[in-house]
1. Within the group Lys161, Lys113, Lys121, which residue is closer than 16 Å to Lys70 by Cβ, in contact (Cβ under 8 Å) with a residue 24 or more places away in the chain, of a type outside the set (A, V, I, L, M, F, W, C) and surrounded by fewer than 17 Cβ atoms within 10 Å (Cβ to Cβ)?
2. I need the full set of residues from the range 3-19 which are outside any loop (DSSP other than H, G, I, E, B) and at pLDDT below 75, in order please.
3. Return a yes/no flag: does the range 98-118 have any residue that is acidic (Asp, Glu), closer than 19 Å to Asn63 by Cβ and more than 15 Å from the chain's Cα centre (by Cα).
4. Starting from residues that are β-branched (Val, Ile, Thr) and modelled with pLDDT under 90, keep the ones in the range 31-52 and report whichever is nearest to Thr125 (Cα to Cα).
5. For the range 85-97, how many residues are modelled with pLDDT under 75 and either among the hydroxyl-bearing types (Ser, Thr, Tyr) or within 17 Å of Asn63 (Cα to Cα) (or both)?
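The values are calculated or read from the model by the stated rules, or taken from the named source; none is laboratory data. In this text the structure is predicted, and so the values were computed from the model without any measurement. Please note: Cβ atoms are built from the backbone with ideal geometry, for glycine as well, and neighbour counts cover all protein chains shown.
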Amino acid sequence: MEIQKIYIGENDTVVVRCPKCKEAKAVPALKLKEKHRFKVRCSCKAVFDVQLEFRKQYRKETNLEGFFEKLSESDKWGDIRMESISTGSHALKCRIKNISVLGIGFSSIATHKLNKGDHIKLIFTLDDSVSSKVERKAVVRGVSDNYVGCEFFESDKHNPKIGFYVL
């Protein structure tokens, strides 16, 4: 059986719906804060898996090719410049796994040296009707092996191309 993804509502509740009998029950999200994935047993005896999604925005699953480069901060001016200028590094190929108006998740094809808090630049093409090219700067929020989760810089959030794409 497929895992049911549940987003937390505005009133901090989650609604769990049984896939068998369709009975729904609202549960305060605070009771589930420590749990991200768990099993539910319905009164009809059906057992199913639930995964809580704590994100603020819907994140669309994708499979897009792209490139990323690590940015570094200039000590003198606080400007961000491409690390490749100062270290000779180059853009690395990646696969965009998910995207929202606030952030992005990708898997690096090659070994990377990214850490939480690093600043990166991403370049990729959406698979929309006009093949929109997107270039965004982001902060790394989490790294797990080759998977990297990022939040876009404030100036790059709420981009219309991405907004229409995730609808």
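1. Working: Lys161 fails: closer than 16 Å to Lys70 by Cβ; Lys121 fails: surrounded by fewer than 17 Cβ atoms within 10 Å (Cβ to Cβ).
It is Lys113.
2. Taking the range 3-19 first, the residues outside any loop (DSSP other than H, G, I, E, B) are 4-7, 13-17.
Hit for the range 3-19 is Tyr7, nothing else.
3. First, pick out the residues of the range 98-118 that are acidic (Asp, Glu): 118.
Those still in the list that are closer than 19 Å to Asn63 by Cβ too: none.
No: zero hits.
4. Filtering the range 31-52 down to residues β-branched (Val, Ile, Thr) leaves 40, 47, 50.
Then drop every residue that is not modelled with pLDDT under 90, which leaves 40, 50.
Details: Val40: 39, Val50: 32 Å.
So, considering only residues that are β-branched (Val, Ile, Thr) and modelled with pLDDT under 90, the one nearest to Thr125 (Cα to Cα) is Val50.
5. In the first step, residues of the range 85-97 are kept if they are modelled with pLDDT under 75; the result is 85-90.
Pick out the ones that are also either among the hydroxyl-bearing types (Ser, Thr, Tyr) or within 17 Å of Asn63 (Cα to Cα) (or both) and you get 86-87, 89.
Total satisfying the criteria: 3.
Conditions (1) over 30 Å from Ile162 (Cα atoms); (2) surrounded by 12 or more Cβ atoms within 10 Å (Cβ to Cβ); (3) modelled with pLDDT under 80, marked per residue:
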site: Met1; (1), (2), (3): yes, no, yes
site: Cys21; (1), (2), (3): yes, yes, no
site: Lys25; (1), (2), (3): yes, yes, no
site: Ala29; (1), (2), (3): no, yes, yes
site: Phe54; (1), (2), (3): no, no, yes
site: Gln57; (1), (2), (3): no, yes, yes
site: Phe68; (1), (2), (3): no, yes, no
site: Ser74; (1), (2), (3): no, no, yes
